[in-house]
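I have placed the structure first, in the form of structure tokens, so that the comments after it can refer back to it.
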Amino acid sequence: MKTVLVVDDEVFFRDRLCKALQKRDFTVFSAANYEEALSLVQSQKPDMGIFDLKMPGKNGLELLKDALSSHQEMKIIVLTGYGSIATAIDAVKMGALSYIAKPADVDDILNAFTKISDDLTDIDAENLVAPSLARTEWEHINRVLHDCDDNISSAAKCLGIHRRTLQRKLQKYPPKK
């Protein structure tokens with residue numbers, strides 16, 4: 001049975017992903033941050049890792065580097081809702097098999113593990129699609145709101161906008177791309 005480590009600070013996403021992987025007969029370990037994840041890498045030596053890029057404290061790229069130095073055979077996918085071409089290139093150069101934007105389907109993640117490439121560090125920047133400015137703004141607003149424990153007044157203060165403006169932006173549906 002294959003083992004996989006899921007690292008994400010968003011509890012709902014992490015739990016949903018873990019359950020989906022368990023239904024596909026994986027032994028799943030989960031962690032919410034760098035310290036928990038690195039401890040599990042060192043003690044459990046999972047076959048695969050699914051790491052979120054943005055986490056409190058040390059980020060997914062730092063975890064990727066340290067996990068691979070501790071367990072070189074581990075295959076790792078980096079997930080993020082805040083994708084950029086630069087971080088995708090960094091992740092793959094550091095040893096990640098792939099870089100996938102959230103929300104990601106479990107089948108897409110598993111396909112990324114099985115995808116075979118001769119040269120993983122050769123990324124074609126033209127094939128990476130950067131999110132639109134509207135999508136990036138929407139994701140940033142939701143991340144700040146999440147970091148402020150869903151307190152609209154606190155999030156508006158952090159974003160430097162009026163509370164009513166933030167409420168209007170939150171009522172809109174997220175941009176498609």
Quiz item: Hey, ALA86 hits all of (1) closer than 16 Å to ILE109 by Cα; (2) over 13 Å from the mean Cα position of the chain (by Cα); (3) not in a loop (DSSP other than H, G, I, E, B) but one; which does it fall short on?
Solution: (1)
Self-check item: Odd one out for ALA37, checked against (1) crowded, with 20+ Cβ neighbours inside 10 Å; (2) modelled with pLDDT of 90 or more; (3) part of a loop (DSSP other than H, G, I, E, B)
Solution: (3)
Quiz item: Tell me, which residue of segment 124-152 that is at pLDDT 80 or above and part of a loop (DSSP other than H, G, I, E, B) is most open to solvent (accessible area, probe 1.4 Å)?
Solution: ASP149
Self-check item: Selection within segment 153-173 - open to solvent by 60 Å² or more (accessible area, probe 1.4 Å), closer than 23 Å to PRO56 by Cβ and assigned to a helix (DSSP H, G or I)
Solution: SER153, LYS157, CYS158
Quiz item: Has segment 107-116 got at least one residue that is in a helix (DSSP H, G or I), under 21 Å from PHE51 (Cα atoms), among the acidic types (Asp, Glu) and modelled with pLDDT of 80 or more?
Solution: yes
Self-check item: Number of the condition not met by HIS71 [criteria: (1) surrounded by fewer than 19 Cβ atoms within 10 Å (Cβ to Cβ); (2) closer than 30 Å to ASP150 by Cβ]
Solution: (2)
Quiz item: Only one of these conditions is not met by THR80: (1) in contact with an Asp or Glu (Cβ under 8 Å, 6 or more places away or on another chain); (2) of a type outside the set (Gly, Ala, Ser); (3) touching a residue at least 60 places away in the same chain (Cβ under 8 Å). Which number is it?
Solution: (3)
Quiz item: Do we find a residue being open to solvent by 30 Å² or more (accessible area, probe 1.4 Å), of a type outside the set (Lys, Arg), in contact with a Phe, Trp or Tyr (Cβ under 6 Å, 6 or more places away or on another chain) and within 29 Å of VAL144 (Cβ to Cβ) anywhere in segment 8-22?
Solution: no
Quiz item: Of the residues in segment 1-34, how many are assigned to a loop (DSSP other than H, G, I, E, B) and among the aliphatic types (A, V, I, L, M)?
Solution: 2
Self-check item: Close pairs (6 angstrom Cβ cut-off, 6 or more residues apart or separate chains): touching a residue at least 24 places away in the same chain (Cβ under 8 Å) in segment 130-156, small (Gly, Ala, Ser) anywhere
Solution: GLU139/GLY81; LEU145/ALA155
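The values are calculated or read from the model by the stated rules, or taken from the named source; none is laboratory data. Keep in mind that what you see is a predicted model, and the values were worked out from it rather than measured. Note: ideal-geometry Cβ built from the backbone for every residue, glycine included; neighbour counts use all protein chains shown. Just the protein is used for accessible areas: all its heavy atoms, side chains included, with ligands, DNA and RNA removed. Shrake-Rupley method; radii C 1.70, N 1.55, O 1.52, S 1.80 Å.
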